[in-house]
Amino acid sequence: MTNVLFSIHPNYAQAIYEGIKTVELRTRPPTKFGFERGYIYETSPVKMITRYFIPARTAIFAWYPEVIIEHYGPSKIIGRKNATVEDVRKLLGGRNDWCPIEIKEAHQIKPIALKGRPPQSWRYCR
């Protein structure tokens, strides 16, 4: 079973769990084709693994921001019902190569302290 640990800000982790944020963007996707679970390490102030999600689909090629916005819509990317296209552009910071990871479902788990350093973006885990 291939699992991936993602570092995600607490507000985005909560939005994923609530089903509002259904797309996670990364500048580079996991290199193995697909993964079974994405564990969420919530960054400061939580600093724990608190949830996992089941991916629906992971893009292995980068998409342009306009395509991502048109395909998914701002709310699913930002995790707020009133999110705007400008919010997404601000989040993306001018980069033109993003890989969307579609989230099928998310589950809360008993918080786990991470041994060692958290990933900058993501890393494989057991």
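For the reader, a short list of remarks on this structure follows.
- Among residues of segment 11-27 that are within 11 Å of Arg80 (Cβ to Cβ) and in contact (Cβ under 8 Å) with a residue 60 or more places away in the chain, those with a Cβ under 6 angstrom from a residue that is of a type in the set (A, V, I, L, M, F, W, C) and buried (at least 16 other Cβ atoms within 10 Å of the Cβ), sequence gap 6+ or separate chain, pair up as Lys21/Ala15.
- Matching residues in segment 49-67 - criterion: being more than 14 Å from the chain's Cα centre (by Cα) and surrounded by 16 or more Cβ atoms within 10 Å (Cβ to Cβ): Ala62, Trp63, Pro65
- Within segment 84-108, being β-branched (Val, Ile, Thr) and under 17 Å from the mean Cα position of the chain (by Cα) holds for Val88, Ile101, Ile103.
- Residue that is surrounded by the most Cβ atoms within 10 Å (Cβ to Cβ), among those in segment 80-104 that are touching a residue at least 60 places away in the same chain (Cβ under 8 Å) and acidic (Asp, Glu): Glu102
- Single match in Tyr72, Tyr41 (criterion: over 26 Å from Lys110 (Cα atoms), modelled with pLDDT of 95 or more and hydroxyl-bearing (Ser, Thr, Tyr)): Tyr72
- Among the residues of segment 1-10, just one is β-branched (Val, Ile, Thr), surrounded by 20 or more Cβ atoms within 10 Å (Cβ to Cβ) and in contact (Cβ under 8 Å) with a residue 60 or more places away in the chain, namely Val4.
- Of the residues making up segment 16-48, those that are surrounded by 13 or more Cβ atoms within 10 Å (Cβ to Cβ) and touching a helix residue (DSSP H, G or I) at 6+ places or on another chain (Cβ under 8 Å) are Ile20, Lys21, Thr22, Val23, Glu24, Leu25, Ile40, Glu42, Thr43, Val46.
- Taking each residue of segment 53-67 that is over 30 Å from Ile109 (Cα atoms) and looking for partners that are of a type in the set (Asp, Glu) and surrounded by fewer than 16 Cβ atoms within 10 Å (Cβ to Cβ) with beta-carbon atoms closer than 8 Å, six or more apart or interchain, yields Ala62/Asp97; Trp63/Asp97; Tyr64/Asp97.
The values are calculated or read from the model by the stated rules, or taken from the named source; none is laboratory data. Not measured: the values here are computed from a predicted model. Positions of Cβ are generated from backbone atoms using ideal geometry, with glycine treated the same way; all protein chains shown enter the neighbour counts.
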